[in-house]
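The values are calculated or read from the model by the stated rules, or taken from the named source; none is laboratory data. Because the structure is a prediction, the values reported are computed rather than measured. For neighbour counting, all protein chains shown are included, and Cβ atoms are generated from backbone atoms with ideal geometry for every residue, glycine included.
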Amino acid sequence: MLRADLIRFLAIRLAIVAAILLGLEFAFRHGAWEWLAKRESNAGQTIAMKRALLALGPEKIDYVTFGDSRTVYGIDHERIAAAARARGLTHASVAIPGMHWMSLEMLVRWLREHAPQLRGAVISTTISGFNYLGNGAYELSMAAPLAPSWDRDWMRQHVPFEAGNLATYGSQSALFLYREDVQDLLKHTARRLREAGGLMTQPPSTGTLFTRQRVASDLCSVPIDNIAACAAANPAAPVTSTVMQCRQWQREASQRADFRDRSQLPHLAEVKTVRDHQLRSLPYQRPILVVLMPMPGVWRDEVIPQGAEAWARSLLKPLQDEGIIEVHDFTDFFRGANGPECAAFWDLYHQNSAGQDRLTDALLPILEQRLYRSTPPAPAGAARP
């Protein structure tokens, strides 16, 4: 009798726990966590952008720029927005640090529902942006706030579930997806609740869709022409992280992948199929502008897989030949006349203010010619931000 009572007691407790977990999973999948998400987290940045778009009115936007942190720091979105505004158009930046093709697609789908009138897009990426299907589990929490709770197949395709890898559980469960953020909330409850209260009472800022990020420092105190010289440099501030990055690359040099023999890399066939379909299905006017962002020569020559540049071009060329996309390649922009490279970057990934200005100078005439001048004027009295 005692044993039966114990089993019944445990069964009730387990049922209660299971019910709570299922309830939390349901709530998290339907956006209950959004007000509590840490602002600087991957999810928090996506949620902030989504709130800004809704506050502005997505139906008012004509063009968007997709991209990651290279886009955030590499393009002057204030000047882009001003050039569009001068023609009665609205061009917003929806670039988020860490954005890759999985989260880009979820954002495209969200915009298709909330801004079906969007005319065109700029996709900002690099020649190394076509090496793998996704950006790993890192990208899951960035894409999740844009994904309907009933439609996660795209996320699962890019981050397949692996029983031995907890990070991949987030493609199956929202509780796992936000677990680190929940832990942070439990550690810093008072501060996080104050922040959440502020979000609930203050209207979201739409300025984030049209602002620029500026960093003045450069890399000219570090020899970045090759990894060996960079790794041997004295890691003095403010370039310590750059030297440390070069030293890590030097240690990993023997593991550099080689895309020239694609038979040894079967995943590339799937990458090509998925990216080709994704670019073809974008619901924007043709051609869609694809901007290949600048990268330091050392990154291209010694870090990314050998043959990666040729691989990226082989994927893009058929789409360009068909008029689906139009590629503007700035990979080597800061070599030669626009150099030196060290004066255009604040780390080995991101452009500084000077690099941002020079690239925007080159990009603006393209946008004027290919997007803004080809767009019929907005009806008289149409509201624009």
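Scanning the range 259-309 for residues that are surrounded by fewer than 16 Cβ atoms within 10 Å (Cβ to Cβ), under 21 Å from the mean Cα position of the chain (by Cα) and among the hydroxyl-bearing types (Ser, Thr, Tyr) yields Thr273, Ser281.
Yes/no matrix, rows are residues, columns are (1) under 13 Å from Ala143 (Cβ atoms); (2) touching a helix residue (DSSP H, G or I) at 6+ places or on another chain (Cβ under 7 Å):
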| residue | (1), (2) |
| --- | --- |
| Ala32 | no, no |
| Arg39 | no, yes |
| Gly44 | no, no |
| Lys50 | yes, yes |
| Thr65 | no, yes |
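State yes or no: is Arg85 surrounded by fewer than 21 Cβ atoms within 10 Å (Cβ to Cβ) and closer than 23 Å to Leu279 by Cα? In short, no. For Gly136, the test of being over 10 Å from the mean Cα position of the chain (by Cα) and under 24 Å from Phe330 (Cβ atoms) is failed. Screening the candidates Ala95, Ala37, Ala32, Ala84 for the property of being at pLDDT 95 or above and assigned to a loop (DSSP other than H, G, I, E, B) yields one hit, Ala95.
Every residue, every condition in (1) touching a Leu at 6+ places or on another chain (Cβ under 8 Å); (2) surrounded by 13 or more Cβ atoms within 10 Å (Cβ to Cβ); (3) over 30 Å from Val298 (Cα atoms); (4) of a type in the set (Val, Ile, Thr), yes or no:
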position: Lys187; (1), (2), (3), (4): no, no, yes, no
position: Arg194; (1), (2), (3), (4): no, no, yes, no
position: Val222; (1), (2), (3), (4): no, yes, no, yes
position: Thr242; (1), (2), (3), (4): yes, yes, no, yes
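Remark: pairs (first residue in the range 83-99, at positive phi; second residue assigned to a loop (DSSP other than H, G, I, E, B); Cβ separation under 7 Å; 6+ apart in sequence or on different chains) = Gly88/Pro377; Gly88/Ala378; Gly88/Arg384; Gly98/Asp68; Gly98/Asn135. Going through (1) of a type outside the set (Ser, Thr, Tyr); (2) surrounded by fewer than 23 Cβ atoms within 10 Å (Cβ to Cβ); (3) at pLDDT 95 or above; (4) under 23 Å from Asn135 (Cα atoms) one by one, Gly67 falls short only on (2). Looking for whichever is under 23 Å from His77 (Cβ atoms) and either hydrophobic (A, V, I, L, M, F, W, C) or assigned by TED's automatic domain parsing to the domain that holds Ala236 (or both) here; the options are Ala362, Ala337. Which one fits? Checking each option against the conditions leaves just Ala362.
Count of the range 142-158 residues, restricted to those that are modelled with pLDDT under 80, surrounded by 12 or more Cβ atoms within 10 Å (Cβ to Cβ) and in a loop (DSSP other than H, G, I, E, B), is 3. The condition of being in contact with a strand residue (DSSP E or B) (Cβ under 8 Å, 6 or more places away or on another chain), more than 24 Å from His267 (Cα to Cα) and of a type in the set (Phe, Trp, Tyr) holds for Phe210.
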